[in-house]
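Chemist: Input: one structure, supplied below.
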Amino acid sequence: MAETAKERIVRYLQDAHAAETGIDDVLAGFINDTDDPSIKAVFEEHRAVTKTQAQRLEQRLTALGEKPSGGKGFLNMIMAKMSELMHGAHDEYDKNTQNLIKAYATEHLERGMYESLIAYATAVGDTETAQLGREIQKEEEQTGERLFPLIQQYAKTALAGTQGSGGAYTA
């Protein structure tokens, strides 16, 4: 049996909520994974935003007479695979850079997820859900913009962990 428009909206919201709660867990791991206070602060701030997003999604579900699914969503599966692919950090320098890359990539996955929610909610006339999606999508965009320059900054810190390097590469 096909879903109703409301059932699909609820599923999209539940998937988004599952993604945000899963990302919260990933960010907690990133925080525990580093000794760098600057990186910790960035991920702690990101985590605070993620928690408020999950709360707002839960509030929207409640307003629709529903609740979070408690399951793992599509985005969580992608995050797990991405972590497996980039698990080769050899030292603290690589680990920080790779965690920043993962966080940046996650923001773009989320932006796509919210674009889908916004488009569908708009098409079926659910302006409240569409507005919530737009607000959160904007926050994801802002976080991505904040993370991107840190990738370059932290990739350069790996020079400190390179044997005999004065910064120059020799073949």
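Chemist: Based on other C-beta atoms within 10 Å, arrange V124, V42 from fewest to most.
Modeler: Details: V124 15, V42 23.
Taking fewest neighbouring Cβ atoms as first place, the list is V124, V42.
Chemist: Right, here's the next one. Placing +1 on the Cβ of each Lys and Arg and -1 on the Cβ of each Asp and Glu in region 5-158, which of Y120, F43, I101 has its Cα farthest towards the positive end of the resulting dipole?
Modeler: The residue sitting most towards the positive pole is Y120.
Chemist: Assigning unit charges at the beta carbon (Lys, Arg +1; Asp, Glu -1) and nothing else, what dipole magnitude in debye, to the nearest 20, does region 5-158 show about its Cα centre? If you can, show how the numbers build up before the last one.
Modeler: Details: 18 positive and 26 negative charges, 78 e Å.
The calculation lands at about 380 debye.
Any read-out appearing in this document is the output of simple, stated calculations on the displayed coordinates, not a laboratory observation. Just so you know, these numbers come straight off a predicted model, no measurement behind them. In this analysis, Cβ positions are derived from the backbone assuming ideal geometry, glycine residues included, and neighbour counts consider all displayed protein chains.
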